[in-house]
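A quick write-up on the structure given underneath.
The values are calculated or read from the model by the stated rules, or taken from the named source; none is laboratory data. Small disclaimer: the values here were computed from a predicted structure and weren't measured. Ideal geometry is used to build each Cβ from the backbone, glycine not excepted, and the neighbour counts take in all protein chains shown. All accessible areas refer to the heavy atoms of the entire protein, side chains included, with ligands and DNA or RNA removed. Shrake-Rupley method; radii C 1.70, N 1.55, O 1.52, S 1.80 Å.
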Amino acid sequence: MPVEHYENFPVASWVMPGRLRRPVELIYAFARSADDLADEGDALPAARLHALDAYRAELDRIDAGRLPETPLFRALAPMIAERALPLVLFHDLLDAFAQDVVKTRYANFDEVLDYCRRSANPVGRLLLHLFERTEPRLLGWSDRICSALQLINFLQDIAVDWGKGRVYLAQDEMAAHGISDAQIAAGRADAHWQAFVIPQIDRAGAMLISGAPLARALQGRVGIELRIIVCGGSRIVHRLRRVDGDVFRHRPQLGRLDWVAIIGRALWFPRGSPEDAAPPAPSGATR
């Protein structure tokens, strides 16, 4: 799942088996703190990149079998070694966060997906390594879920990201619908905006559902946790559709009653699919 989505979905929750909670917490601590280096505070871009380079240096120390210099990485090192977690996945996350410092626009959807591949998919893959379930089919489903959650988060946070000077939408698709940065700045959710953004919502929802078999393939408490995440993402998609993509005035968030419904749906999930499964994306919107 994408790091940003931890505000909506549980991390190392009560559902997660006890033996996995600490490893999941450490992976989250790495991802959250690295993301904050790229995003939070008033540091200049050069300082942000330097801080992320320091994280890379710590990973290199782990790779070389040397003692890391900071408490977080000293905690990570034995866990990475014991569970044979691929360091390339940690590096991919750092690459995505560094990209956030220097890149604010995406020419096409392939560029957006490439960002998702590094910003979101590594988290799912690391979790599958923890679960000792790394069959190619499962990794593929995980990638779809994680990329979909990242896309859903982009749609949910269009206005928030605009405030940071970023637009995680394909520029060529925006242009094809007559959508410009000025419209995002104005928060104008007119008919042109709906024609553009609703296929974006449907595409993300369809991608989430295409990875949903993973939530049925994993059993026990791990499977329940994943079903909660998938059902939660599906509920955000439903909320985005319900407001016709007007995230400027109606940013979807999950409240306590939502979680009751999500958990109930997750318990039903093994016998079916998440609620509000997205329809196939309109022609020309699916990649």
Using alpha-carbon positions, the gyration tensor of region 199-247 gives root eigenvalues a ≥ b ≥ c; with a/c under 1.5 called rounded, otherwise prolate if a/b exceeds b/c, else oblate, the class is oblate
Under the rule rounded for a/c under 1.5, else prolate if a/b exceeds b/c, else oblate, using alpha carbon gyration tensor axes a ≥ b ≥ c, the chain is classed as oblate
Sorted by accessible surface (1.4 Å probe, heavy atoms of the protein chains only), largest first, Ser147, Ser210 come out as Ser210, Ser147
Taking the alpha-carbon centre of each part, the distance from region 79-137 to region 138-196 in Å is 20 Å
Here region 93-247 gives, from Cα atoms, an Rg and Dmax in Å of 16.1, 48
With +1 on the Cβ of every Lys and Arg and -1 on the Cβ of every Asp and Glu, the dipole magnitude of region 84-125 about its Cα centre, in debye rounded to the nearest 20, is 60 debye
Over its alpha-carbon atoms, region 26-161 yields an Rg and a Dmax in Å of 15.3, 44
Shape call for region 14-91, from the Cα gyration tensor axes a ≥ b ≥ c (a/c under 1.5 means rounded, otherwise prolate when a/b beats b/c, else oblate), comes out oblate
Averaged per residue, the 1.4 Å probe accessible area of region 154-195, protein heavy atoms only, in Å², is roughly 42 Å²
Output ordering of 87-94, 170-177 (per-residue mean of other Cβ within 10 Å, highest first) is 87-94, 170-177
Surrounding charge for Pro122, neighbours by C-beta under 10 angstrom, Lys/Arg +1, Asp/Glu -1, total 0
Answer in debye to the nearest 20: the dipole magnitude of region 40-123 about its Cα centre, from +1 Lys/Arg and -1 Asp/Glu charges placed on Cβ, is 120 debye
Taking 0.36 nm per residue of separation between Ala43 and Ala176 and subtracting their Cα-Cα distance, the length gained on full extension comes to 44.3 nm
With +1 at each Lys and Arg Cβ and -1 at each Asp and Glu Cβ, the charge dipole magnitude of the chain around its Cα centre, to the nearest 20 debye, comes out at 1040 debye
Residue separation between Leu254 and Leu267 times 0.36 nm, minus their alpha-carbon distance, gives in nm 2.9 nm
With the charge dipole of the chain built from beta-carbon charges (+1 for Lys and Arg, -1 for Asp and Glu) about the Cα centre, the Cα from Gln194, Ala98, Ala51 projecting farthest to the positive end belongs to Gln194
Of region 99-125, those with amide N under 17 Å from the point 7 Å along the Cα→Cβ vector of Leu139 are 117-125
Here the Cα Rg-to-2.2 N^0.38 Å ratio for region 163-223 is 1.58
From most to least accessible, 1.4 Å probe, no ligand or DNA/RNA atoms counted, Lys103, Lys164 line up as Lys164, Lys103
